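Shown next, in structure tokens, is the structure this report addresses.
The values are calculated or read from the model by the stated rules, or taken from the named source; none is laboratory data. Remember, it's a predicted structure, so these values are computed and weren't measured experimentally. Glycine gets a Cβ as well: all are built from the backbone with ideal geometry, and neighbour counts include every protein chain shown. The protein model used for the area step is the full one, side chains on, heavy atoms only, and it has no ligands, DNA or RNA in it. Shrake-Rupley method; radii C 1.70, N 1.55, O 1.52, S 1.80 Å.
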Amino acid sequence: MRIEIKLRPAEVGTILPFNYNYEVYSQLLEKVYLVSPELGKEVESSGVDYFTFSRIMVRKRELIPEAGIRVLSDDVSLYVSSHSADVIHAIAEGFLDDPLLKIKDATFIADDVKVLKEPELKGPVLFSTLSPILVRTVKFVNGRMKVWDLYPDDEMFFDKLRKIMLMRYSSIYGRMPENKEFKIEVLKFKPVRILVRDTYYRSSLMVFKYSGSPELAWLGYETGFGEKTRYGFGMVKVIDSEQGQEGQE
């Protein structure tokens, strides 16, 4: 299930910082707690990523080096997706009760929240990322174990991604999908680095063709592809004039 949240800058000339993932995650979680403390506790303490969210889509903007993005449009969009309708309902109701979203000195007001129509994921699907995909592994460097962020030009990326998706599916549904195989053909990707709290993550904005397991395609659409999706990684949209409802930001 997926929603679009339309956010209006509280002030003219609002500057959105470049790194805001943790602030958005924290406040989405706060919205869940506001509506259902029990559900909020479950989502926060679970080892499973219950939801993912997009980058904040600013349609008209000006880049301010060392500061962020000056918002020139009347509103911006934030997409939130989850396999759990309860989580999405709680976030939507939370914004109705408390419409503010604060990111450092920038304040936004939620003017509208709407549920988006689900696409059809039949056959090969062309996906584009609304937030970058994060895939990590552990490598030995100079005799020590080190966490290593992978890009799609590394063959380990795809094997690790498949394992991540299978583990999440099993954790959510208590079983493995009937079809455990899928293939990704990357058409283009752009490496990006995002700061979450005190850690930088190297991840990839991508356009890719997905074929294979429909169960894992839905899992990726609803909860994101890759790791740390609760922090705003791995959200995708369908690129198709009839199926893709999130637009072409």
Considering only residues of region 1-36 that are of a type in the set (A, V, I, L, M) and open to solvent by 20 Å² or more (accessible area, probe 1.4 Å), which is nearest to Tyr200 (Cα to Cα)? Ile15
Consider region 150-195. How many of its residues are under 17 Å from Phe127 (Cβ atoms), without any contact (Cβ under 8 Å) to a residue 24 or more places away in the chain and of a type in the set (Phe, Trp, Tyr)? 1
Within region 195-212, identify whether any single residue is under 27 Å from Ala85 (Cα atoms), touching a helix residue (DSSP H, G or I) at 6+ places or on another chain (Cβ under 7 Å) and assigned to a helix (DSSP H, G or I), and answer yes or no. no
How many residues of region 8-40 are over 22 Å from Asp111 (Cβ atoms) and within 21 Å of the chain's Cα centre (by Cα)? The answer is 7
Qualifying residue in region 29-49 (condition: in contact with a strand residue (DSSP E or B) (Cβ under 6 Å, 6 or more places away or on another chain) and in contact (Cβ under 8 Å) with a residue 12 or more places away in the chain): no
Looking at Gly94, Gly68, which one is over 30 Å from Arg162 (Cβ atoms) and either buried (at least 23 other Cβ atoms within 10 Å of the Cβ) or touching a residue at least 60 places away in the same chain (Cβ under 8 Å) (or both)? Gly94
Based on this model, can you work out whether Phe140 counts as open to solvent by 70 Å² or more (accessible area, probe 1.4 Å), at negative phi and part of a strand (DSSP E or B)? yes
Counted residues in region 151-194 being assigned to a strand (DSSP E or B) and among the polar types (S, T, N, Q) come to 0
Residues (out of contact with any Asp or Glu (no Cβ under 8 Å at 6 or more places or on another chain) and in contact (Cβ under 8 Å) with a residue 12 or more places away in the chain) located in region 196-205: Val196, Arg197, Ser204, Leu205
Can you tell me how many residues within region 97-130 are out of contact with any strand residue (DSSP E or B) (no Cβ under 7 Å at 6 or more places or on another chain) and either of a type outside the set (Lys, Arg) or in a loop (DSSP other than H, G, I, E, B) (or both)? 10
With the requirement that a residue be among the hydroxyl-bearing types (Ser, Thr, Tyr) and within 17 Å of Pro17 (Cα to Cα), what does region 73-110 give you? Ser73, Ser77, Thr107
Kindly check whether there is at least one residue in region 73-83 that is crowded, with 18+ Cβ neighbours inside 10 Å and more than 29 Å from Leu219 (Cα to Cα). yes
